[in-house]
Structure formats: structure tokens, C-alpha cells
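Enquirer: Handing you this structure, nothing more for now.
The numbers here are math on the coordinates, done by the rules we state, and not lab data. Just so we're clear, the structure is a prediction, and the values are computed from it rather than from any experiment. When we count neighbours, we look across all protein chains shown, and the Cβ atoms used for this are built from the backbone with ideal geometry, even at glycine.
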Amino acid sequence: MNSIKNHPQKKSVIIIGGGLAGLSAGVYLQKNGYSTQIFEMHSLPGGQCTSWKRGSFTFDGCAHWVIGSREGEIFYDMWKDLGVMRSTRFLDHDIYGIFSFPDGDVTVYTDAERLRQEFLKIAPEDAEEIEVFTRAIKATAGIHLPDSLVMLEKNPVSRFFANMVFMVKILPVMKWAKVKSRDYAKKFRNHKMRAIISNLFLPDFSMMFNLFTLAWLRNKNAGYPLGGSLEFSRSIEKEYLAAGGQIHYKQKVEKILVENIGGKDTATGIQTAKGKTHRADYVISAADGHFTIENLLENRFHHPRLKKAWDKLPLFPPLFYISLGIKGTLEDPKSVSGRSIVPDEPIRIADRVLDYFLVHTMDYDPHLAPKGKSILSIMINTDYDYWESLYQKGKKEYEKAKEKGAKTIIDYLDKKIYPGLKKRIEKTDIATPLTWVHYTGVHRGAYEGIQLTPDIFETGFSLPRQLKNLENFYLAGQWIEPGGGMPVAANSGRMTAFFICKKDKKKFQHGFS
């Protein structure tokens with residue numbers, strides 16, 4: 001049996017998973033006087049926030065924008081604490097995305113006034129609703145979300161008044177919170193406007209998310225981290241290691257050890273797939289939530305609120321993801337989310353006909369491709385069960401379906417969007433939902449966990465991080481924070497560290513970088 005080597009006054013913490021949540025928890029705990037170890041099944045940090053090399057190209061599977069890139073805005077101080085701001089430069093775009101219809105493009109600008117003018121050009125019949133929508137973006141841009149940590153640190157009276165002030169500011173846009181994007185889109189008569197509004201992010205997402213996203217982009221608080229996702233994760237890994245933390249890569253955890261101490265079931269450590277046991281005062285799982293409950297804890301513990309949310313709320317749709325390394329550039333306008341293509345003919349990928357798919361040129365990041373070359377990422381929502389069933393039938397059929405899907409999309413792009421593309425492709429990489437499961441363990445390939453739909457008002461924006469009747473164990477990550485994403489995951493790790501300090505009656509330290 002192995003144990004963490006403790007300083008006489010330090011308590012020990014084992015963290016399962018080296019993604020952003022696990023790394024963040026590790027940094028904050030180390031700097032608050034704890035001794036921590038992270039056990040990560042992959043050979044790299046970051047979890048979902050990652051990139052991978054294929055020849056001279058770096059393909060990225062995560063970062064398009066990061067909330068908190070501007071000083072003085074929400075999450076900036078957290079990223080600074082985590083060492084990100086020391087080494088990362090952010091790029092702000094003027095365009096959120098481009099919607100390509102058979103008869104022309106529509107540009108979704110990050111500036112609300114330019115967006116209003118663009119929408120009015122294509123849909124003058126929807127002038128009244130366009131005014132409503134763009135005014136809401138401008139109003140949301142003036143709302144600064146409070147830092148959850150800072151709010152918790154206030155005394156009850158100060159917290160009450162701070163919440164009251166915030167509620168007064170946010171009240172005018174609260175009506176958007178319970179409206180799905182697809183439902184709001186029905187208010188528009190123009191078919192292009194309906195398609196754009198419905199697919200700004202995901203059709204079932206709360207419209208308030210869309211408003212805040214566009215507002216943060218307008219305020220230049222959602223920049224792209226140059227260097228890509230893996231370098232972003234490595235900057236936090238570097239901060240963690242410098243603080244004295246330890247990371248064990250290629251160490252998959254098989255079981256969370258639970259013992260009865262003083263009549264209470266208590267997490268006391270872990271057992272790895274290699275059969276070794278490691279003990280600590282606390283255990284945090286920043287790994288996949290479902291795997292944690294069902295496998296590591298053998299379905300012995302749960303929480304009713306958590307279970308309700310996991311049963312009720314929809315997951316992020318998994319991706320069929322094609323990455324292309326190409327010669328030259330595609331001369332697309334630089335944008336946050338890329339080009340949403342509405343096909344003018346049926347395109348069948350896997351088990352569905354696409355009504356739209358997303359392509360993203362990444363030539364604005366010189367770190368991802370050699371000079372004179374660039375990256376094209378193609379993201380297609382797909383069905384997990386289709387790919388899992390296919391894989392179970394045999395790897396040959398699975399690979400054949402991957403190649404067929406990629407060829408179908410590339411042929412369409414070559415014919416309709418980027419003439420001559422096929423001749424310029426130097427490297428191709430194809431991922432399915434099973435790829436995400438294999439490398440990160442994420443449940444059903446849901447790369448950002450639970451969607452932020454209006455149903456969240458029934459389950460809660462923030463879900464329990466502790467389970468019923470299990471002491472000294474905490475969850476962290478996207479499975480307890482609907483909506484997912486990089487800042488959400490990192491903040492989840494930060495808040496878990498805060499609550500451990502609170503349990504030990506220690507003043508939580510932050511703002512140290």
C-alpha cells in the first residue's frame with residue numbers, strides 16, 4: 001500500500017482525473033496547505049481540453065472561446081491564479097460565426113449593432129423581433145455576473161445585499177432564461193433567422209446562455225487562447241507542479257476505497273487498475289460523474305438531486321469530428337465558432353440526414369500548423385448508440401463507416417464550399433463519440449456533460465458535490481455544473497477546494513498569482 005507523504009500539519013487529498021477541474025482543485029489545495037496527488041488515466045493533462053499531433057499539424061478538440069480572458073471580468077482572477085495569464089495570449093474576433101445558406105452567407109457579428117444591421121438586411125419583415133433580440137444583447141453586456149467564490153466569502157448580510165443588487169440588474173433579461181433557442185426562433189418569420197437563432201449554440205439551450213455568450217464576446221471577455229487547448233491545460237499543469245503537486249499519468253483508478261469510521265462510511269483512498277492502493281484524508285473525483293458513481297463507488301452512493309438532474313436533463317450531443325491539415329488557407333473570415341453550413345442537398349452521416357454542420361478554419365493560430373498551411377475542423381452532431389453498436393459488430397465495419405462519413409463531407413465541401421479542397425488535404429484525422437470515451441472516459445461522448453436547458457430551474461444550476469452518507473468525498477467537474485465548458489470545469493475544482501478548506505475551518509486563500 002502506498003500513501004501520500006504528508007507534512008506533519010498537512011492533510012492529504014487524492015484527485016481522480018487531470019482535466020481542468022482536477023488540475024484546478026489541485027492548484028488551490030496545494031496553495032492552501034494540502035498535499036495532493038492527481039491520478040490521470042491518459043498520458044496528458046486537460047481531459048476534454050486537449051489537442052493532438054498528426055504529423056506537422058496540431059488538431060484541437062476544445063477551445064473556441066474562454067470566458068474570463070479580460071481583466072476585471074468574471075473568471076479572470078481564477079485563470080490568473082491557475083497560471084494561465086502568465087503564458088497565454090488571447091485573440092478576440094469580430095465575428096461569432098457565419099451561416100452558409102444555399103443562396104448566400106449571413107454573418108453573426110460580436111458587436112450587437114453590426115449584428116442588428118446584418119439581420120435587418122436579410123429579414124426586414126422581422127425588424128421588431130430583431131430589435132428586441134439585439135437590445136437584449138446590449139442589456140446583458142452591462143450585467144457582470146458575480147464570482148461565486150467571492151459571494152460565499154461575504155458575511156450573510158453583505159451577501160444578501162449583493163444578491164439583491166444583482167437581481168435588480170438581471171431581472172430585465174430573466175425572461176429569456178426559461179426559453180429554448182428553438183422555441184424563440186419560432187417568433188421569426190424569415191427561415192434564415194429561424195435557423196440562425198435555433199443554432200446559435202444548441203436548439204434546446206436556454207436563450208439566456210446565447211445572450212450572455214454574445215455579450216461576453218461583445219465585451220471581449222471570451223477570447224481564443226492562442227496555442228490551443230493542450231497548451232492551455234499545460235499552463236495549469238505547470239502551476240500545479242510548481243506548487244508541489246504530483247501527477248501520475250497512465251494510472252486509471254479502479255475503485256474508491258470506503259471504510260466505516262466512527263459509524264460513517266468514509267472515502268479513505270483509491271485502488272488503481274494496476275492493483276495498488278493509495279490512501280488520503282479526502283478523495284475528489286474530477287473524472288466522469290457516471291463512471292464515478294457506477295464503477296468507482298459501485299452504485300453504493302448517490303444524491304437525489306444529482307440523480308434527478310442526470311435522469312432528466314439532456315446531454316450534449318456527441319460528435320463525429322473530422323480534422324484536416326491542408327496546404328494554404330481557406331480565406332474564411334476569422335470567427336469564434338466557424339461556419340454553420342445548411343446543405344442544399346441531403347447529406348447522410350451515420351444514421352441521420354444533416355440539416356446543418358459546422359466547419360471551422362483555424363488559420364488564425366500559427367501554433368497549430370506550419371507556415372503556409374492551416375487546419376479545418378468539421379463538427380457534426382451524431383448518435384452515440386449508432387457508433388457503439390457498429391463498433392461491437394467489428395472494428396472493420398466501424399472504420400469503414402468513419403471513412404465513408406469523412407469522404408461524404410469532404411466531397412460536399414470540395415464541391416460546394418471550398419473548391420479544390422480535396423487536392424490540398426495533407427493529413428486527415430477522424431474521431432467518433434467512442435474516441436472521446438476511449439481517451440477521457442466521458443459518458444456517452446457527451447464532451448461538456450449536461451446541456452443548460454430551461455429545465456435547470458427544476459434541478460438547480462449547481463448540483464451537489466457531495467453524496468448522501470459518504471464522508472470526505474467530493475465531486476468536481478462538468479457533471480455537477482450544467483452547461484459545461486472550460487471556466488465551469490475549472491471553477492468547479494476551485495469551489496471544491498474552497499469547501500474542503502471550509503470543512504477544516506481554514507481560511508481559503510486565493511489571488512496568489
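Enquirer: In nm, give the distance between the simple-model label positions of Q117 and V157, each being 7 Å from the Cα along the Cα-to-Cβ direction.
Expert: 5.1 nm
Enquirer: Quick one: length gained pulling S462 to M164 fully straight, 0.36 nm per residue minus the C-alpha distance?
Expert: Working: separation 298, 0.36 × 298 = 107.28 nm, distance 1.95 nm.
105.3 nm is the gain from fully extending S462 to M164.
Enquirer: May I pose another question? Only sites in a loop by DSSP and with at most 13 other Cβ atoms within 10 Å count here; which chymotrypsin sites (Phe, Trp or Tyr not before Pro) in the range 427-495 make the cut? Could you put the intermediate results ahead of the total?
Expert: Values: sites: W436, Y439, Y447, F457, F461, F473, Y474, W479; in loops: Y447, F461.
Taking the range 427-495 and a limit of 13 other Cβ atoms within 10 Å, the loop chymotrypsin sites (Phe, Trp or Tyr not before Pro) found are F461.
Enquirer: I'd like to verify something in the chain: which complete DSSP H helices, judged by Cα projection on the helix axis, reach 30 Å or more and average at least -1.0 on the Kyte-Doolittle scale? Could the numbers behind the result be given before it?
Expert: Values: long enough: none.
Correct list, ordered by number: empty.
Enquirer: Give, as ranges by residue number, the residues of the range 32-72 whose backbone N falls under 18 Å from the point 7 Å along Cα→Cβ of D92.
Expert: 64-72
Enquirer: Also, quick follow-up: For the range 111-218, calculate the relative contact order in percent as a whole number, restricting contacts to Cα pairs under 8 Å that are 6 or more residues apart.
Expert: Here the relative contact order equals 32 percent.
Enquirer: I've got another one for you. So between D105 and H438, what do we pick up on full extension, going 0.36 nm a residue minus the alpha carbon distance?
Expert: Taking 0.36 nm per residue and subtracting the Cα distance, the gain is 116.2 nm.
Enquirer: Rounded to the nearest 500, what is the chain's calculated 222 nm mean residue ellipticity when only DSSP H runs of at least 4 contribute -39500 (n - 2.57) each, over all residues? Present the calculation step by step, with values, prior to reporting the outcome.
Expert: Values: 18 runs with 178 residues, N = 513.
Using -39500 (n - 2.57) per qualifying helix, the result is -10000 deg cm²/dmol.
Enquirer: Could you pull out every one of the aspartates and glutamates with an alpha carbon less than 18 Å from that of K307, ignoring same-chain neighbours closer than 8 positions?
Expert: Straight-distance partners of K307: D288, E294, E298, E448, D455, E458, E481.
Enquirer: What is the calculated FRET efficiency for K138 to Q246, with r their C-beta to C-beta distance and R₀ = 51 Å, to the nearest 0.05?
Expert: The value I calculate is 0.60.
Enquirer: Sticking with this one: In the set [x] 39.9, 147; [y] 23.1, 72; [z] 23.1, 81, which value of Rg and Dmax of the Cα atoms in Å was calculated from the structure you see?
Expert: [y]
Enquirer: Here is a follow-up. Using a simple charge model, +1 on the beta-carbon of Lys and Arg, -1 on the beta-carbon of Asp and Glu, nothing else, what dipole does the range 296-422 show about its Cα centre, in debye to the nearest 20?
Expert: In total the dipole reaches around 280 debye.
Enquirer: Extension gain K506-K334, at 0.36 nm per residue separation less the Cα-Cα distance, in nm?
Expert: That pair, K506 and K334, stretches by 57.3 nm at full extension.
Enquirer: Over 27 Å between Cα atoms: which of K180/K415; K11/K255; K276/K506; K255/K308; K138/K186 fall into that group?
Expert: Long pairs (Cα-Cα over 27 Å): K180/K415; K276/K506.
Enquirer: Can you check how the C-alpha radius of gyration of the range 111-218 compares to 2.2 N^0.38 Å, as a plain ratio?
Expert: Values: Rg = 16.0 Å, N = 108, 2.2 N^0.38 = 13.0 Å.
Against the empirical 2.2 N^0.38 Å value, I get 1.23 for the range 111-218.
Enquirer: Then there is this: Filter the trypsin sites (Lys or Arg not before Pro) in the range 177-237 down to the DSSP loop ones having no more than 14 other Cβ atoms within 10 Å, then list what survives.
Expert: On the way: sites: K178, K180, R182, K186, K187, R189, K192, R194, R218, K220, R234; in loops: K178, K186, K187, R189, K220.
Counting only loop positions with at most 14 other Cβ atoms within 10 Å, the trypsin sites (Lys or Arg not before Pro) in the range 177-237 are K186, R189, K220.
Enquirer: Rounded to whole Å, give me the distance from the Cα center of the range 60-89 to that of the range 127-167.
Expert: Cα centroid of the range 60-89 versus Cα centroid of the range 127-167: 21 Å apart.
Enquirer: Under 11 Å from the Cβ of Q271, count the other residues' Cβ atoms, weight Lys and Arg +1, Asp and Glu -1, and hand me the total.
Expert: Neighbourhood net charge equals +4.
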